[in-house]
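Reading through the structure tokens given below for one structure.
No value in this document is a laboratory result; all are computed from the given coordinates. Remember, predicted model here, so these are calculated numbers, not experimental data. Note: ideal-geometry Cβ built from the backbone for every residue, glycine included; neighbour counts use all protein chains shown.
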There are 2 protein chains.
Amino acid sequence: MNFKGTLPTLILEALTEEPSHGYLIAQRIKERSQGVLDFKEGTLYPALHKLENEGMVESYESVEKGRSRRHYRITRSGRGMLAKDRAEWRELSQAVTMILGEA
Amino acid sequence: MNFKGTLPTLILEALTEEPSHGYLIAQRIKERSQGVLDFKEGTLYPALHKLENEGMVESYESVEKGRSRRHYRITRSGRGMLAKDRAEWRELSQAVTMILGEA
DNA sequence: CATTGATACCTCGTAATCCTATGCATAGGA
DNA sequence: TCCTATGCATAGGATTACGAGGTATCAATG
């Protein structure tokens, strides 16, 4: 096991409430972590495409203010994956924190 | 920033009390995380060599029971790096946990 | 005595993840 | 008019980790 990237998990989490598009997802992650986490576009979009290929999110295009945006929605499988990832994160982070000391 | 591998940090942590050799370092990490973290040799040795190149650990050879072992000792720089890494881990893990929910 | 398992070290090829840089395009403000 | 923010996307490279393989010693088992 060991560490796995948290980006897919964070993306899925950002989509639980409502669908969103790539740019906004990245902003939400940054905001909600108070600027600590800041994934770049070159990282975000490939991750998003991969999640779509795997069936964890699905996308649809919409046009807002003359611009077309690709919105992503989490699927049932995606919610399942999120639950697993959450549990895994908890286990791994606790393990590392246990060793490094929490004080 | 975002996530960075925790292995170098865990190695340095394993060496704070006393010098050790590769195999034992891996075992300690596994034990102290109750089996959750389990880095393989193909991961551990390159990481150890890299830390030595960077001056974070230094090594010396010793012969025990007819077998030669390479022992690693953390350096002053290594302790500095450990302190920084610890702080970084705390910041990043708190950020992710904040988003994913700790419940 | 031979084989197996644990100890101990190491390298190579591959996969995954992320970054930087770059490209394209539109909208709004300086 | 130009710059910034928005919005999507790809290419190239670095880093990290894993699996598989190789070498060797020692103790226990058969």
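Here are a few things to note about the model shown:
- Counting Cβ atoms of other protein chains within 10 Å of each residue's Cβ and taking the mean over peptide B:85-97 gives 5.
- Cα-centred dipole magnitude for the protein assembly as shown, charges only on beta-carbon of K, R (+1) and D, E (-1), debye, nearest 20: 160 debye
- Ranked from shortest, the separations from the 7 Å Cα-to-Cβ label point of B:His49 to its equivalents in the other copies are 3.4 nm.
- Once the Cα atoms are used to define both axes, helix A:76-100 deviates from the longest principal axis of chain A by about 30 degrees.
- C-alpha long axis of helix A:22-32 to longest principal axis of chain A, angle in °: 40 degrees
- Helix B:41-53 and the longest principal axis of the C-alpha atoms of chain B enclose an angle of approximately 80°.
- Cα-centred dipole magnitude for the stretch A:30-80, charges only on beta-carbon of K, R (+1) and D, E (-1), debye, nearest 20: 120 debye
- At an R0 of 30 angstrom, the distance between the Cβ atoms of B:Arg67 and A:Arg90 translates into a FRET efficiency of 0.15.
- In a DSSP loop and with at most 16 other Cβ atoms within 10 Å, the GluC sites (Glu not before Pro) in the stretch B:27-81 are B:Glu54.
- Normalised by the number of residues in chain B, the mean separation of alpha-carbon contacts (under 8 Å, six or more apart) gives a relative contact order of 30 percent.
- Spatially close Lys pairs in chain A, defined by Cα atoms under 21 Å apart and a spacing of eight or more places or different chains, total 8.
- Cα centre as origin, Lys/Arg/Asp/Glu Cβ charges: chain A dipole, Debye: 180 debye
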